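Written below as structure tokens is the structure these notes are about.
The values are calculated or read from the model by the stated rules, or taken from the named source; none is laboratory data. Computed from a prediction, not measured in an experiment: that's the story for all the values here. Cβ placement follows ideal geometry from the backbone for every residue including glycine, while neighbour counts extend to all protein chains displayed.
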Amino acid sequence: MKLNDVLDWILEATQSPPPKPMPAFPKIVEKKCTGCGICQKECAALIIEMRDGMPFIARGIDCVECGHCVSVCPTGAIQDPLAMRTDNRPYKFEDFPSSKSLQLLFRARRSVRKYKDKPLSRPVLEKILDAGRYAPTGGNRPDVHYIVVTSPEEIEWLRGAVLEGALTMFRKLQKLAKPASLFMGSETLDTFNYYIPILEDWQDRWNKMGDDRLFYNAPALMMVHGKKWDEIVGFGNAVSLYQASLMAQTLKVGCCFNGFLQIIPNFDAKVRKRLEIPKQHKCYGAMSLGYENQKFRRTVRRRPPNVVWR
């Protein structure tokens, strides 16, 4: 960790948080309400009170906009003022994918590294992004920020910058790891020794043959970033990106999560600046996307989960 990063963290931690925007708390349509009280019992923020047998929004400013009250109301008496026409549509359990079909989606998802020479349209990318916004985040905060790169020129620049940045970072860490191996363990040094020749080979193959081993000539890249020093924000970002990747799978759009594209913006100032990621943010996930150029036919084996039952 650099000294500037520590100073940024101290400055951020000691500053007053930005004012919380006024939430769009739900509205109650009294003529539809039966006074059943389900919404009051379900409200996690405890802002709904029962007064004279009817629900009342007592502290709208504390609403976290989770939508539970809207979802549980049997008569549709609670409405979200910002909801679009298709947002609050009713559904039944029978409308869900079966456990079998959902598990098949999980098992059939592959890390795709062969893409068709075909761009992804804006509507397709927006549909993929739309799936990500329904992922859970701490307090339903809008702390997931997306970057979508479709420009061939931008992808080419990123390819070179990420490869060079990764090599520079790993070489520096390798030098630091040697005297610190007694404290860090040999596994850390082994990691650096493992990746450096691989990255050098990727860089050489691209420069000499145009063989892209980083993005595999994907027509699009997607990244998520959010506030630093907050593991809950990091979790929300990662879940949102994974949820988007599952939607992509249903559209025959393959994805491959890319650790180097995730890490380098957090260490390389020029990459961060190019992507316009704020200094107070961290990139928490990245992936390449494109139409699959390989037909996958079977599910594959995975090791059993590591579980401790208590």
Pairs with Cβ under 8 Å, 6+ apart, first in the range 139-153 and assigned by TED's automatic domain parsing to the domain that holds Lys127, second basic (Lys, Arg) | Asp143/Lys227; Val144/Arg133
Does Gln243 meet the test of being of a type in the set (S, T, N, Q), at pLDDT 95 or above and surrounded by 19 or more Cβ atoms within 10 Å (Cβ to Cβ)?
-> no
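Could you identify the single residue in Lys282, Lys295, Lys270 that is touching a His at 6+ places or on another chain (Cβ under 7 Å) and of a type in the set (D, E, K, R)?
After applying the criteria, what remains is Lys282.
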Meets criteria (among the hydroxyl-bearing types (Ser, Thr, Tyr) and touching a Pro at 6+ places or on another chain (Cβ under 8 Å)) for Thr150 = yes
Quick check: is even one residue across the range 32-42 within 19 Å of Arg141 (Cβ to Cβ), assigned to a loop (DSSP other than H, G, I, E, B) and either modelled with pLDDT under 95 or not assigned by TED's automatic domain parsing to the domain that holds Thr137 (or both)?
-> no
Residue identified as under 29 Å from Phe296 (Cβ atoms), assigned to a loop (DSSP other than H, G, I, E, B) and in contact (Cβ under 8 Å) with a residue 40 or more places away in the chain among Ala131, Ala135 | Ala135
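Residue by residue, here is whether (1) of a type outside the set (Lys, Arg); (2) within 21 Å of Ala166 (Cα to Cα) holds:
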position	(1), (2)
Lys270	no, yes
Arg274	no, yes
Tyr284	yes, yes
Ser288	yes, yes
Lys295	no, no
When only residues in the range 106-139 that are more than 25 Å from Pro23 (Cβ to Cβ) and among the aromatic types (Phe, Trp, Tyr) count, which is surrounded by the fewest Cβ atoms within 10 Å (Cβ to Cβ)?
-> Phe106
Just wondering, is there one or more residues in the range 82-104 that are part of a helix (DSSP H, G or I) and in contact with a strand residue (DSSP E or B) (Cβ under 7 Å, 6 or more places away or on another chain)?
-> no
